[in-house]
Structures are given as structure tokens and as C-alpha cells.
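Before any comments, here is the structure.
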């Protein structure tokens, strides 16, 4: 069942559950019990979505316009292996061709 936004003239905005069939019907204000028309203040949220999924959607919405910076990158200890350069396993030949002796024989080099 979706959660809709309503605006009471006296008390202000509030949210409430309503069946989809009654999306346009007014709702009683929880404070003063007056009929309040539906207002589109935000996109309707479905109450059947689990908490983890809802949190993931909210995080994605937040990061769409203000992404968080990561400290991960070149020179960090997790991907630079402490300054040691690992061999890629690619064999470079004098004519400029490459081969991958430890890889799949059907791989094509660029």
C-alpha cells in the first residue's frame, strides 16, 4: 500500500497510507480530523519494500547530486601492493607482438 502526502489547511502537511484505488480521495487529518486533499510533495513510497532496499534507494537518491569522495585511489596501500610492481604475465616480443603464456590461448591482444 503506498504512502501519500496530504496538506491540511490548519495543521500543514502529513503522510498516510491509502489504497491505490483511492489515490485522489482526501484523507482525514490526524490532528484535527478535517478532510485534507492529497498533495504531491514527493514521489509515493511503497510500504511493502523492505528496509534495506528502501535505505539503498535513499542512498542512491542522495548520491545522485552530492556524491561522497573516496580516499581510495592511486598510491593507497590496498591496490598498490606497498609499492611493489607485479608482473602482468604478458610476454612482449621484439617484433611488438604480445603473448599471454599463462592466460587463455584464444585471448587476442590490442
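General observations
- Full-stretch length increase - residue 11, residue 59 - with 0.36 nm per residue and alpha-carbon distance subtracted: 14.3 nm
- Relative contact order (percent, whole number), region 2-50, Cα cutoff 8 Å, 6+ residue spacing: 44 percent
- Reciprocal mean inverse distance between Cα atoms of region 2-50 - Kirkwood radius, Å: 11.0 Å
Every number here is computed from the coordinates shown, using simple stated rules; none is lab data. Just so it is clear, the structure is predicted and the values come from calculations on it, not from any experiment.
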